[in-house]
Every structure is written in structure tokens, then in C-alpha cells.
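The block underneath contains the structure these notes are about, expressed in C-alpha cells.
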Amino acid sequence: MAQGLPDAVSTDNPVFRAYLFYCGILILKMMLMTILTARQRIKHKAFANEEDAKNLKVKVRVDENVERVRRAHLNDVENIPLFFVGAFIYTLTNPSEYVAKSLFLAYTVARIVHTFVYAVYVVPQPARMLSFAAGNFIMSYMVIKGLINFA
């Protein structure tokens with residue numbers, strides 16, 4: 001039996017509550033990337049803005065350690081908002097609670113692993129590609145399920 005929109009987006013709905021929980025985790029993860037980028041900039045004395053460099057009496061320069069963290073953060077910026085929308089659409093399909101929670105958890109873990117192997121403890125490919133692909137597979141499944149449901 002299909003849920004109506006008010007039921008689907010109610011905090012009484014365990015799937016919607018799980019969606020909100022994992023959105024919160026992913027938001028915190030993205031916020032931590034900002035801190036990690038700043039930490040790398042300070043550690044390697046590599047600042048992008050003249051005013052920042054001037055205050056610390058260093059030159060504006062690019063450092064690969066900073067750029068790696070920045071690229072990981074940009075990857076989050078490109079992919080995590082898609083989760084917010086795609087998982088919301090999926091939530092409206094009245095999915096199995098177990099499957100939905102498992103998908104939300106797996107996507108979140110895939111994004112954390114992606115950051116870890118890309119920017120925290122660099123692991124050679126295919127680690128980053130596999131974690132990225134896992135997240136994309138999960139997103140594709142949820143969005144296709146939504147397309148089929150709402151066609």
C-alpha cells in the first residue's frame with residue numbers, strides 16, 4: 001500500500017527518519033572537509049588568498065597536499081547534494097525500511113571511505129574508484145526506483 005506524502009515525510013516514518021539522520025551525517029562530513037582543508041593549508045603554508053598569506057607572512061602558493069583535500073571536498077560538493085534529492089525521491093516510493101536504511105548507510109560509508117582513501121590516508125587506485133562507484137551505484141538504484149515509481 002502506497003503512503004501519502006504527509007505519511008512519507010513524517011518523522012513517524014522510520015525511513016524518513018533514517019534519511020534525515022544520514023543527511024545530517026553527510027552534512028557534518030562536508031563541514032569537516034572545510035576544517036581538513038584549512039588544516040592542510042596551515043600545515044603546508046599554502047594559502048590561496050593574498051590576505052591570508054600576508055597575515056602569516058608567507059607567499060600565495062599551490063600545494064598538492066592541500067589540492068588533494070580540496071578535490072575530495074569538491075567531489076563531495078558534486079555528489080552529496082545528489083544524495084539529498086535522490087534519497088528523498090526514493091523515500092517517497094515507500095521502500096522497505098531495511099533496504100532503505102541499508103542503502104543510506106552504504107552510501108554514507110562509501111562517501112567516508114572515498115574521502116579517507118583520497119585525502120586522509122592516500123591509498124592507490126582502485127580504492128577511490130571503488131568507493132566512488134559504490135556510491136554511484138546506490139544513487140542510480142534509488143533514482144531509477146523513483147523514476148519507475150513515479151512514471
Please tell me if PHE84 is within 20 Å of ILE148 (Cα to Cα), surrounded by fewer than 17 Cβ atoms within 10 Å (Cβ to Cβ) and touching a residue at least 40 places away in the same chain (Cβ under 8 Å). yes
Cβ contacts < 7 Å: first residue touching a residue at least 60 places away in the same chain (Cβ under 8 Å), restricted to region 12-41; second residue part of a loop (DSSP other than H, G, I, E, B) and not hydroxyl-bearing (Ser, Thr, Tyr), any location; separation 6+ or different chain. Result? VAL15/PRO95; PHE16/VAL9
Some residue of region 45-61 being at pLDDT 95 or above and acidic (Asp, Glu): no
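Can you work out which of the residues in region 8-36 that are β-branched (Val, Ile, Thr) and surrounded by 13 or more Cβ atoms within 10 Å (Cβ to Cβ) is nearest to the chain's Cα centre (by Cα)? I'd like the intermediate steps shown before the answer.
Initially, region 8-36 is screened for residues β-branched (Val, Ile, Thr), giving 9, 11, 15, 25, 27, 34-35.
Now drop any that are not surrounded by 13 or more Cβ atoms within 10 Å (Cβ to Cβ), which leaves 9, 15, 25.
Numbers: VAL9: 22, VAL15: 19, ILE25: 9 Å.
Ranking the qualifying residues of region 8-36, first place goes to ILE25.
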Per the filter on region 90-104, residues surrounded by fewer than 17 Cβ atoms within 10 Å (Cβ to Cβ) and in a helix (DSSP H, G or I) are GLU97, TYR98, VAL99, SER102
Given (1) touching an Asp or Glu at 6+ places or on another chain (Cβ under 6 Å); (2) at positive phi, identify the lone condition not met by ASN94. (1)
Looking at region 1-88, what helices (runs of 4 or more DSSP H) fall wholly within it and have at least 1 residues that are in contact with a strand residue (DSSP E or B) (Cβ under 8 Å, 6 or more places away or on another chain), on the phi < 0 side of the Ramachandran plot and among the acidic types (Asp, Glu)? 50-55
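One line per residue, one yes/no per condition, for (1) farther than 28 Å from ASN13 by Cβ; (2) exposed (fewer than 15 other Cβ atoms within 10 Å of the Cβ); (3) under 14 Å from the mean Cα position of the chain (by Cα):
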| residue | (1), (2), (3) |
| --- | --- |
| ALA38 | yes, yes, no |
| VAL60 | yes, yes, no |
| ARG71 | yes, yes, yes |
| ASP76 | no, no, yes |
| PHE88 | no, no, no |
| ARG111 | no, no, yes |
| TYR121 | yes, yes, no |
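The values are calculated or read from the model by the stated rules, or taken from the named source; none is laboratory data. Just so we're clear, the structure is a prediction, and the values are computed from it rather than from any experiment. Heads up, the Cβs are rebuilt from the backbone with ideal geometry, glycines too, and the neighbour counts pull from every protein chain shown.
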